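Peer 1: Please find one structure pasted underneath; my questions will follow.
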Amino acid sequence: MSSLTETAEKIKNMEIRGAGRIARAAALALKEEALSVPAKDIGEFNAKMREAFRTLYTTRPTAVSLPNALRIVMRYKADNVEDARRQIAANADAFIAGSEHAVQQIGEIGARRLRDGDTIMTHCNSSAAAAILTAAFRQGKRINVIATETRPRMQGLITVDVLAKAGVPTTLILDSAVRYFMKKVDTVVVGADAITVNGNLINKIGTSQLALAAHEARVPFMVAAETYKFSPRTLLGELVEIEERDPAEVLPPEKRKQWPGLTVRNPAFDITPHQYIDLICTEIGAIPPEMAFWVITEKLGWEIEEPGDEAARGI
């Protein structure tokens, strides 16, 4: 199995989780493929890189960071194979470094929004959201975190592990206990898999119930999102596809066969309307959701939507 195929399988099977980690892993896999794939001329190289692009692109349809990262890495124009290899490798390195720096920036900016003594609720696992929480704790703010389990894949346990290693006091709760505990919460901080042009949030299933409970309790709701998680395609009217995963994640086949007529649904994400979001914390600053249009058109531009080289087209 090639490195690229192995990475694609790990993304698809959620061995690699979190939109930012998925994007960085895909960028690295594309770089390694570009440096190792045999090609006698630029035409053959472009064809093989298009195939590599497709292999990674189709693994997780909802995580906008993945196609955005792939398009950034594939933004090359070369007349020969060696130039193409160098450009793709440089693009990947720049993207990975920028992504990691973005998480640090988000942590520093978002931590300023948290106060000493705050209790923060979070959901699923997000490197950007965790960066805010750990940065606030390092600043000496005595915060407490309430983390959801995030069924059925239990990504909340990853968050618990990250916070425990940082020394942040953390309480783990059932997803269904969100509204019960919201009265004890000062701020909600979650990550993002995608931000649409109108500022809606696509994130792990269950995020919208946190937003609704926070809105009811008048608790601020903060989203941590790198700018490459904003979706240029929604500017053209496309809807973000909500991934549905294997029902076996919810109910094992040996138990499910007890009820032959039972249907099990397992959506991986839900949509939180922008009206329930107070701000989106990005590496370029904390913005209201209404500024998503500006981020997509001015910060990202059209280059992510329309890769400059023929090698990235025809998906």
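Peer 1: Express the carbon and sulfur contribution to the solvent-accessible surface of the chain as a percent, rounded to the nearest whole number, probe 1.4 angstrom.
Peer 2: Carbon-and-sulfur percentage of accessible area, whole number: 52.
Peer 1: Leaving out ligands and nucleic acids, note down the accessible area per residue over region 210-305 with a 1.4 angstrom probe, in whole Å².
Peer 2: Result: 53 Å² of accessible area for each residue.
Peer 1: State, as an integer percentage, the relative contact order of the chain based on alpha-carbon contacts under 8 Å between residues 6 or more apart.
Peer 2: Contact order relative to length: 20 percent.
Peer 1: Report the antiparallel proportion of the DSSP beta bridges in the chain as a percent, rounded to a multiple of 5.
Peer 2: 35
Peer 1: Could I ask something else about it? Along Cα→Cβ, 7 Å out, is where each label goes; now give me the distance between the ones at A47 and D161 in nm to one decimal.
Peer 2: Going from the A47 label point to the D161 one covers 4.3 nm.
Peer 1: Per residue, how much accessible area does region 1-115 have with a 1.4 Å probe, in Å²?
Peer 2: 44
Peer 1: Taking the chain as a Gaussian network, Cα atoms linked when under 10 Å apart, which of T234, T196, T207 shows the biggest mean-square fluctuation?
Peer 2: T234
Peer 1: While we're on this one: Compute the acute angle (0 to 90°) between the alpha-carbon long axis of helix 156-166 and the principal axis of greatest extent of the alpha-carbon atoms of the chain; round to the nearest 10°.
Peer 2: Helix 156-166 sits at roughly 80 degrees to that axis.
Peer 1: OK, next. Sorting E15, E6, E216 by accessible area (1.4 Å probe), largest first, what list results?
Peer 2: E15, E216, E6
Peer 1: For region 1-93, just run the numbers: alpha carbon Rg, then divide by 2.2 N^0.38 Å, N being how many residues it has.
Peer 2: Normalised Rg, Cα atoms only: 1.01.
Peer 1: Run the helix sum for the chain: -39,500 (n - 2.57) per DSSP H stretch of 4+ residues, divided by residue count, reported at 222 nm to the nearest 500 deg cm²/dmol.
Peer 2: The helix-only estimate for the chain comes to -12500 deg cm²/dmol at 222 nm.
Peer 1: Could I ask something else about it? Could you give me the ³J(HN,Hα) list for region 141-149, computed from phi with Karplus coefficients 6.51, -1.76, 1.60 and θ = phi - 60°, whole Hz, x at Gly and Pro?
Peer 2: For region 141-149, the Karplus curve yields 7, 7, 9, 10, 10, 10, 10, 7, 4 Hz.
Peer 1: Let me ask another. Hey, got a sec? Which trypsin sites (Lys or Arg not before Pro) in region 82-139 land in a DSSP loop and have at most 16 other Cβ atoms within 10 Å?
Peer 2: Qualifying residues, ordered by number: R112, R115.
Peer 1: About the Cα centre of region 169-294, how large is the charge dipole given +1 on each Lys and Arg Cβ and -1 on each Asp and Glu Cβ? Please answer in debye to the nearest 20.
Peer 2: 480
Peer 1: Which shape class applies to the chain: rounded if a/c is under 1.5, otherwise prolate when a/b exceeds b/c and oblate if not, where a ≥ b ≥ c are the square roots of the Cα gyration tensor eigenvalues?
Peer 2: prolate
Peer 1: Another question about this same structure. At a Förster distance of 45 Å, what's the computed FRET efficiency of E254 paired with D79, Cβ-Cβ distance as r, to 0.05?
Peer 2: Efficiency computed from Cβ-Cβ geometry: 0.20.
Peer 1: Between T171 and H101, take the C-beta separation as r, use R0 = 35 Å, and let me know the FRET efficiency to the nearest 0.05.
Peer 2: Once rounded, the FRET efficiency stands at 0.70.
Peer 1: Figure the gain on full extension for E108 and K183 (residue separation times 0.36 nm, minus the Cα-Cα span) and round it to one decimal in nm.
Peer 2: 24.4 nm
The values are calculated or read from the model by the stated rules, or taken from the named source; none is laboratory data. Since this is a predicted model, take the numbers as computed values, not measurements. For neighbour counting, all protein chains shown are included, and Cβ atoms are generated from backbone atoms with ideal geometry for every residue, glycine included. Areas reflect the complete protein model, heavy atoms only, side chains present, ligands, DNA and RNA absent. Shrake-Rupley method; radii C 1.70, N 1.55, O 1.52, S 1.80 Å.
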